[in-house]
């Protein structure tokens, strides 16, 4: 991360996935507190800036090695979305959640998006057999 605050902010924004349409700032109605017919009240919802802030808060607590993993993945066009990089999961073959994101992204790139989707759908069907 660059030392100058402005450069660091630009670097962090570049590290993050671009905002999705649903992440645009928008007003959200809030119910009147006294129950009377009052002029409607609103509060602002800012999903994209919240994501930037929340991910930065997590990133700043991580080790240098974890930073390197996140930066290396980003250089390979894999975005970190605050996924767990600390705890290994036996259900993910001993990978952390973010290592699994990297693994699955590489698999998808290798076999192609359509084949990956078909395989994922088949796995989901297999998992849900007997439920409903």
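Here are a few things to note about the model shown:
- Breaking point among (1) out of contact with any helix residue (DSSP H, G or I) (no Cβ under 9 Å at 6 or more places or on another chain); (2) surrounded by 12 or more Cβ atoms within 10 Å (Cβ to Cβ), for residue 57: (2)
- Flag for residue 102 being more than 26 Å from residue 119 (Cβ to Cβ), surrounded by 13 or more Cβ atoms within 10 Å (Cβ to Cβ), within 15 Å of the chain's Cα centre (by Cα) and modelled with pLDDT of 95 or more: no
- Test: residue in the stretch 3-19 that is loosely packed, with under 11 Cβ neighbours inside 10 Å, farther than 30 Å from residue 127 by Cα and touching a residue at least 12 places away in the same chain (Cβ under 8 Å): no
- Residues in the stretch 91-109 that are out of contact with any helix residue (DSSP H, G or I) (no Cβ under 7 Å at 6 or more places or on another chain), assigned to a helix (DSSP H, G or I) and farther than 17 Å from residue 74 by Cβ: 91 only.
Matching residues to (1) touching a helix residue (DSSP H, G or I) at 6+ places or on another chain (Cβ under 9 Å); (2) on the phi < 0 side of the Ramachandran plot; (3) modelled with pLDDT of 95 or more; (4) not in a helix (DSSP H, G or I):
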{"site": "2", "(1), (2), (3), (4)": "yes, yes, no, yes"}
{"site": "12", "(1), (2), (3), (4)": "yes, yes, yes, no"}
{"site": "28", "(1), (2), (3), (4)": "no, yes, no, yes"}
{"site": "33", "(1), (2), (3), (4)": "no, yes, no, yes"}
{"site": "38", "(1), (2), (3), (4)": "no, yes, no, yes"}
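The values are calculated or read from the model by the stated rules, or taken from the named source; none is laboratory data. Keep in mind it's a predicted model, so treat the numbers as computed, not measured. Note: ideal-geometry Cβ built from the backbone for every residue, glycine included; neighbour counts use all protein chains shown.
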